[in-house]
Each structure stands twice: as structure tokens, then as C-alpha cells.
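Peer 1: Take this structure, written in C-alpha cells, and hold onto it; I'll ask about it next.
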Amino acid sequence: MNSRDLILGRVRRALADVPRDDTPYDQAVDRDYLREHGNLGVEETVELLAENLADYRAIVHRCTDAELPAQLAGMLAAHGSTSVVVPPGLPPAWLSAADITRVEDRAESTVYDLDEVDSVVTACALAIAETGTIVLDGGPDQGRRRITLVPDHHICVVRVPDQVVSSVPQAFELLDPARVLTWISGPSATSDIELDRVEGVHGPRTLEVVLVSGDGRA
Amino acid sequence: MSGGTFVGMPAFPEAAHEAVSNKTLRANLRHATHTIRGKRAKAVAEMSDWAQLREAGKRIKDHTLRHLDRYLVQLEESVTAAGGVVHWAADADEANQIVIDLVRMTGESEVVKVKSMATQEIGLNEALEAEGIAAYETDLAELIVQLGKDRPSHILVPAIHRNRGEIRDIFTREMSEWGRPAPEGLTDTPAELAEAARLHLREKFLRAKVGVSGANFMVAETGTLVVVESEGNGRMCLTLPETLISVVGIEKIVPTWQDLEVFLQTLPRSSTAERMNPYTSTWTGTTDGDGPQTFHLVLIDNGRTDTLADEVGRQALRCIRCSACLNVCPVYERAGGHAYGSVYPGPIGAILSPQLRGTASEIDASLPYASSLCGACYEVCPVAIDIPEVLVHLRERVVQGGPATREGNKVVLKPAKGHAAERAAMRAARWAFGHPGALRTGQRLASRTRRFHPRTLPGPGRAWSGTRDLPAVPAEPFRDWWQRTHGGKDTTK
């Protein structure tokens, strides 16, 4: 007998006490927990996102669509970056004001190439206010998973309020499990040494989030 | 459970006795558990629906376990449809052999690892090493444990028993043996130590061709695997290698994508006391051009189906490895993680290890006693495992013996040897209570000779009285006092 049949056989014998008409899945679980915590308005939800991002040591900026290119250029300059990885579908206008070497996110480039790059700028799939989380799903404006991992400085642009949800349950409703997802809550951190929190072990040590709102002119 | 790292461990009482007298260990543990405990309570208090989330988590897991065969088959189909390859391993040796063969097929001789309880349980690193394959732990705490040739002592923070000075010494001494040496003049500040680990491990991440992980959850409906972590070492191992091998216990399934909304709210808050852990990665099979292009899932039984067969003990398989029960346990806080002699320490280890491994060994037979039954572990458990209930159930099995399942076969366990005295005492008590005359005589005799009673029991009773104060025998038996003061008359009328 192969191990698959062996294990499944053991499972079935172990569950001899479970009746054939056991409660089906859709009735087995009460989903009377909340879909979101607190009934915040749109602006308050964005405010909560900003607070929770900052609480976990992400650096939060706010600007309008029109201000975004200058905002990004200023942030890259302030960080002292000379090169930036760019996902294939990032709106070209975003980096139009930055005088910096652009490195394309290409399948052929090696991780060693990527390790030489200072920063990465991406969009996101959505952001969760209650937990201060941004979620990437590998879309064209976010690129491969490794580009937000190897460079030491990640700038993520979140469109507010369109891309902001309140809660984890609301996020799961919108996300597609077929895509690779990376949930990011603050920069890389460890508490393994005497529970002292240290930012930045293997992932980017600096996470900057730009909350960008439409200014009516875009 | 191979338990390779824990061979020769003394039983819990002996190991705990030693640990309790280690002042550094106690101070480290006390600081750590109290810190997390306080933070966790705050994080949980933010959620007004915590009780409902806990109940939902419990029910999702219970339902899954009650239909595990169906969900395992569904998971296999989903993972395969998404481009992954599923392997089944009945025990630790088989799981290790599968991983060894898979690594060999890549032609590589080193792998990078995400922290995983399952691979520790099966002793994967040692098995790989024996075959000439180097397995690098990349979680900071696991790195400290691995470099220190040490054993993990906590589910979440495996190096919780080490302080910064010890960690600095380990890095300075050992890093050069494994790769990039520690920087000159390394101090013991956590930031510098973390930086040393970053530099040491980055060269390994960048050249790694094979990654090995566990998973926190597997979704039957979609074939999605989930890993939650903080440092980014997990993302490195899950993203950069060409081949990814995930070794996961069969109990880690949830039926649907939506079910994750419950656990991604309860796990981080219970575990690190954060609203959300810094990184969560999900992947479904393989994705063209992004991440590993070959994905293997090794599903391990290794005692889980035996645990499933026990209707009381089955609930231990609900565990999502958050470690909240360790941080509130007064016994864990004093005895430390090593005293449990198993990969899973603390209250959950005390019920999980004897079920996965059976209660034949001295250490496993002692684990159900590694608790004061105070119930704090049950209170904090995000999937409401009634740990005290299972502890009492397992104590009964150890003392009385009885039916159990081992490697899929029904067996009748004999009572454990060490408990002969307890059984004899219980038999004697039953006889005495059935013979009132003898009981009365015995009690009078005890009262008259009370001055001569020893403070500890002789012979087989010594172990019992070694950790307890013997009750003082009263000057007069209750029955005699009642006769004397009430004359045997009922005065309530």
C-alpha cells in the first residue's frame, strides 16, 4: 500500500465516530464575528490606516495625484538613492520628476543585480486600515515578489480612499487566491533578541507609504 | 516524531528541577513571557468580537478534522491543478527521505529553510546533514539555536533562553564555520546582532537554489499555502530559490479561502501580540516568471492520525502554533522549554507530544503531569483547545492504561510502571472506604502516632511527597470529634 492510501485509510478509521450526516461545512461555522470593527467613515478609515502604518514604523506621506511625481522624486533623493527598480506597469508619470537610474523588473536579471539597487517603487492591490497592512498581488504595477524584498528601501503608493478597506475580512473578499500575495505590515522586524524589536533583518529596512488622493485635476 | 534532538532527555520532573535552579534562564523567561503576555492582552482587547472569532476558528478546525480525508483529497487536487506536486509521508523517516530525494534531484547540496515546527519534529536538518546536504536555518532565533548547537525552547522565539551576551558570543565563535564571519568588534546590541545575521544570511539567500518551508495554513478549496513571519527570511526562501519544498502536517488544512479571514485575525494577536505580523506570503502552486518554478508539498502524518483517533485528544490538532499558552503558563515560565523534551514545549507540547509519540517513554508519560491545571492556557487559546481536559485524559491513560491507536493500529496500553504506588494507594483507599471499621481503626491509629510521622514518604511514595507537603494528621479523627461534640445526634432539626 502506498503512503497516500495508508494515511487516508488511517484518517477514515480514526473518524469512525463521525456520523455520515455530520453538520455540513456551510452550517458548521457561525460567522457572527464582525466584518469590520467600528463604523468609520471614509476619511477616518484612511486616517486609521495612516496611524497603524506609522505605529509599525512605516513612514507615511500624503499627497495628491498632481503632487505625486515631485513627492516620489523628493523621497528617493532624501534616501540618497541612485537607482530604483520599476515594475513593468508602473504609471510612467510617477517617476517623471526623479533624476535616477531606472532598473526594469526583468525575469533575466539576477538577484545579485537586484541586490545592487537602492530602492523600489510599487503600487499595491489594497491596504487594510485596522491592521496597517499593504497587500501586493504581483500585478503589473507591483512586479515580481523579489523586487520588493531584496532592495533595502520600498516605497509603496496607495490610492486613497479607493484602495483602502477597513478589515481583514473585507480584504479576503477582494483578493484572488490564484495570485501570489505578499502582505506587508511595517518594515522587516525581529524580536528574537530579548524581545527587543529591531527593524530590518532580511527585508527592506525602510518602508515608506504614500497615500495619494485624487485632486480632481488628474 | 523522530525526536532526534531530544534523545536521552530525562523525564519532565527531573529536567524541570534542573531548569528551575538556573537563575539566568528563569530571569530571561520571566521577562519574555510577561512582556508578550501583557502586549497580547492589549492586542486582543482591541477586538470586540474576539469570542466570536475564537469560536469560529474552533469550529472551522473541528469541522475540517472531522472530514479530514475529504479535505486532504481536495487539497491534493487543487495543489496539483495549480502546478505543484504532492507527496505523502506516513512518518518522519519517510518524510525525510522524500525531501532528501527531491533535493538530490536538483543536484544541489544546500538548502535555505524557513522556521518550521514540522521539519523540526521530523529531524529534517539532521537527516539532510547525514546525507551531505547543508540546511541553513534563516530565522534569526533558529540561526542562534543552530549556530549554538542548541535546542529550541519556545515555539515562536526559539532562542528565548539566550540573552544578548550569549548571542554575541555564539555569533563571534560560530559564524565563520558556516559562511560569512561575524563583523570585527561585534557588540551585544540587538540592532548590531541583527545586522550581523543579515550579512551572514544574505549570501546564502542569494545563491540558494532550493528552499524548504512549512506552512501555517493550506486551503483545500484553492490549493493555497500561507506562511506568516516577521523578518523577511520567509519571503526570501519562498521567492528566490528555483525549487520550493514545503513540509506540512496534514492537520493544517482549512476548507476555504474565506476561512483565512478568521485565522489572520487571531494568529498574529495571539502569537506576537501584533495587529498583523510584518509579512504574510501566500502562493498557489507555481506562478510563471515569479518565484520557484517547481513546488513540492510533502504532507506528513507522523502520529497525527493516531491523535485524530482519540475523541478527547483530537482537539490538540486544532493548534495553530501561536504559543500564547506557553506565555501564560506558570509551569513553562519556571521550567523553560527544554524540560519538556520535545519540539513542542509548554502546555500544548504536554498534550501534543505524548499523543504524536505515544506515552511509552518516560518523558512522554511524564508530560501530562507538567501542568498545574490552572486553566490559563485554555483561556488564551485562539482555537479554544481545552488543554486541561486533554491533560487529565492523558493522565488517566498513563496511570490506568487502556485503548489507544498507534501507527494506525488499535492497541491496549498497559499502565505506566512509575505509577504503581499511586494505583496501589487508590486500591487501598477503595478497600478502606468499603470497610468502615478498618477505616476508623486506621484513623485512630494515625492520630495517636502523629508525632512520629515523617515529613516525606518512604519507598515508592517519595516521588509524590518530594514535591508536596504532607498534610498534617489531626489530633483526633473527624468521626471521633463529631461523636464527642454532637453525640452523634443530628442537631439541624
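Peer 1: Looking at this structure, is A:V46 crowded, with 18+ Cβ neighbours inside 10 Å and touching a His at 6+ places or on another chain (Cβ under 9 Å)?
Peer 2: In short, no.
Peer 1: Quickly run through the stretch A:1-14 and pick out the residues that are more than 7 Å from chain B (Cβ to nearest Cβ) and either touching a strand residue (DSSP E or B) at 6+ places or on another chain (Cβ under 6 Å) or among the acidic types (D, E) (or both).
Peer 2: A:D5
Peer 1: Shifting gears a bit: Among the strands (runs of 3 or more DSSP E) lying completely within the stretch A:17-116, list those that include at least 2 residues that are charged (D, E, K, R).
Peer 2: Of the strands (runs of 3 or more DSSP E) lying wholly inside the stretch A:17-116, those with at least 2 residues that are charged (D, E, K, R) span A:101-104.
Peer 1: Got at least one residue in the stretch B:277-291 being free of Cβ contacts under 8 Å to residues at least 12 places away in the same chain, more than 7 Å from every other protein chain (Cβ to nearest Cβ) and either outside any strand (DSSP E or B) or crowded, with 24+ Cβ neighbours inside 10 Å (or both)?
Peer 2: yes
Peer 1: Restricting attention to the stretch A:1-55, report how many residues are touching a Phe, Trp or Tyr at 6+ places or on another chain (Cβ under 8 Å) and of a type in the set (F, W, Y).
Peer 2: The number of residues fulfilling the criteria is 0.
Peer 1: Let me confirm something: among B:D310, B:D306, which residue is more than 29 Å from A:A178 (Cβ to Cβ), in contact (Cβ under 8 Å) with a residue 60 or more places away in the chain and outside any helix (DSSP H, G or I)?
Peer 2: B:D310
Peer 1: Also: Any idea how many residues of the stretch A:117-130 are in a strand (DSSP E or B) and under 29 Å from A:E36 (Cβ atoms)?
Peer 2: Count: 4.
Peer 1: Can you report the number of residues in the stretch B:332-345 which are surrounded by fewer than 23 Cβ atoms within 10 Å (Cβ to Cβ) and not acidic (D, E)?
Peer 2: 2
Peer 1: Being acidic (D, E), farther than 30 Å from B:P347 by Cβ and in a helix (DSSP H, G or I) is the filter here, so list the residues in the stretch B:156-184 that pass it.
Peer 2: If the condition is that a residue be acidic (D, E), farther than 30 Å from B:P347 by Cβ and in a helix (DSSP H, G or I), then B:D169, B:E174, B:E177 are the ones that fit.
Peer 1: Follow-up. Scan the stretch A:173-182 and give yes if some residue there is part of a helix (DSSP H, G or I) and closer than 26 Å to B:L53 by Cα, otherwise no.
Peer 2: There is at least one residue in the stretch A:173-182 that is part of a helix (DSSP H, G or I) and closer than 26 Å to B:L53 by Cα.
Peer 1: Moving to a separate point now. Assuming A:T64 fulfils every condition listed in (1) more than 18 Å from the chain's Cα centre (by Cα); (2) hydroxyl-bearing (S, T, Y); (3) within 24 Å of B:T266 (Cα to Cα) apart from one, which condition is it?
Peer 2: (3)
Peer 1: Looking for something under 46 Å from the mean Cα position of the chain (by Cα), at pLDDT 85 or above and surrounded by fewer than 14 Cβ atoms within 10 Å (Cβ to Cβ) - is there at least one such residue anywhere in the stretch B:419-431?
Peer 2: No, there is no match, as no residue in the stretch B:419-431 is under 46 Å from the mean Cα position of the chain (by Cα), at pLDDT 85 or above and surrounded by fewer than 14 Cβ atoms within 10 Å (Cβ to Cβ).
Peer 1: Please go through (1) closer than 24 Å to A:A98 by Cβ; (2) within 10 Å of another protein chain (Cβ to nearest Cβ) for A:S167 and return the number of the only condition it doesn't satisfy.
Peer 2: (1)
Peer 1: Contact list please: Cβ distance under 7 Å, first residue in the stretch B:222-234 and at the interface with chain A (Cβ under 8 Å from one of its Cβ atoms) and surrounded by fewer than 24 Cβ atoms within 10 Å (Cβ to Cβ), second residue modelled with pLDDT of 95 or more and assigned to a strand (DSSP E or B), pairs at least six apart or on different chains.
Peer 2: Final answer for the pair search is B:T222/B:T284.
Peer 1: Against the condition surrounded by 22 or more Cβ atoms within 10 Å (Cβ to Cβ), acidic (D, E), within 9 Å of chain B (Cβ to nearest Cβ) and farther than 19 Å from A:M75 by Cβ, how does A:D192 come out, does it pass?
Peer 2: The answer is yes for A:D192.
Peer 1: Here is a follow-up. Just name the residue that is surrounded by the most Cβ atoms within 10 Å (Cβ to Cβ) out of those in the stretch A:14-43 that are among the basic types (K, R) and in contact with a helix residue (DSSP H, G or I) (Cβ under 9 Å, 6 or more places away or on another chain).
Peer 2: Restricting to residues being among the basic types (K, R) and in contact with a helix residue (DSSP H, G or I) (Cβ under 9 Å, 6 or more places away or on another chain), the top hit is A:R31.
Peer 1: Mind checking which residues of the stretch B:146-184 are surrounded by 15 or more Cβ atoms within 10 Å (Cβ to Cβ) and among the hydroxyl-bearing types (S, T, Y)?
Peer 2: Hits for the stretch B:146-184 are B:S153, B:T172.
Peer 1: Within the stretch B:185-215, can you find the residues that are surrounded by fewer than 16 Cβ atoms within 10 Å (Cβ to Cβ), small (G, A, S) and in a loop (DSSP other than H, G, I, E, B)?
Peer 2: Passing the criteria: only B:G185.
Peer 1: Give all pairs with beta carbons closer than 7 Å in which a residue from the stretch A:15-43 that is within 8 Å of chain B (Cβ to nearest Cβ) and among the aromatic types (F, W, Y) meets a residue that is in a loop (DSSP other than H, G, I, E, B) and surrounded by 15 or more Cβ atoms within 10 Å (Cβ to Cβ); count only pairs at least 6 apart in sequence or on separate chains.
Peer 2: A:Y25/B:P255; A:Y33/B:D49
Peer 1: Is it fair to say B:T222 is part of a loop (DSSP other than H, G, I, E, B) and under 30 Å from B:I60 (Cβ atoms)?
Peer 2: yes
Peer 1: Now for a separate question. Since B:A191 meets every condition but one in (1) more than 25 Å from B:S342 (Cα to Cα); (2) touching a Cys at 6+ places or on another chain (Cβ under 9 Å), which condition does it not meet?
Peer 2: Of the numbered conditions (1) more than 25 Å from B:S342 (Cα to Cα); (2) touching a Cys at 6+ places or on another chain (Cβ under 9 Å), the odd one out for B:A191 is (2).
Peer 1: Next question. All but one of (1) buried (at least 24 other Cβ atoms within 10 Å of the Cβ); (2) facing chain A (nearest Cβ under 7 Å); (3) under 18 Å from B:A384 (Cβ atoms) hold for B:E311; state the number of the condition that does not hold.
Peer 2: (1)
Peer 1: Do you know which residues across the stretch A:109-134 are farther than 23 Å from A:A73 by Cα, surrounded by fewer than 24 Cβ atoms within 10 Å (Cβ to Cβ) and facing chain B (nearest Cβ under 10 Å)?
Peer 2: Result: A:T110, A:V111, A:Y112.
Peer 1: A follow-up question, please. So which residues in the stretch B:251-271 are more than 15 Å from B:E55 (Cα to Cα) and touching a Gly at 6+ places or on another chain (Cβ under 9 Å), if there are any at all?
Peer 2: Listed by number, the list holds a single entry, B:K252.
Peer 1: Condition first: touching a Phe, Trp or Tyr at 6+ places or on another chain (Cβ under 7 Å) and either in a loop (DSSP other than H, G, I, E, B) or of a type outside the set (A, V, I, L, M) (or both). Now tell me which residues in the stretch A:131-172 satisfy that.
Peer 2: A:G132, A:T133, A:F172
Peer 1: Scan the stretch B:370-389 for residues that are in contact with a Leu (Cβ under 8 Å, 6 or more places away or on another chain) and surrounded by fewer than 18 Cβ atoms within 10 Å (Cβ to Cβ) and report the count.
Peer 2: Adding up the residues that qualify gives 1.
The values are calculated or read from the model by the stated rules, or taken from the named source; none is laboratory data. No experiment lies behind these values; they were computed from the predicted model shown. Every residue, glycine among them, receives a Cβ derived from its backbone with ideal geometry; neighbour counts consider all protein chains shown.
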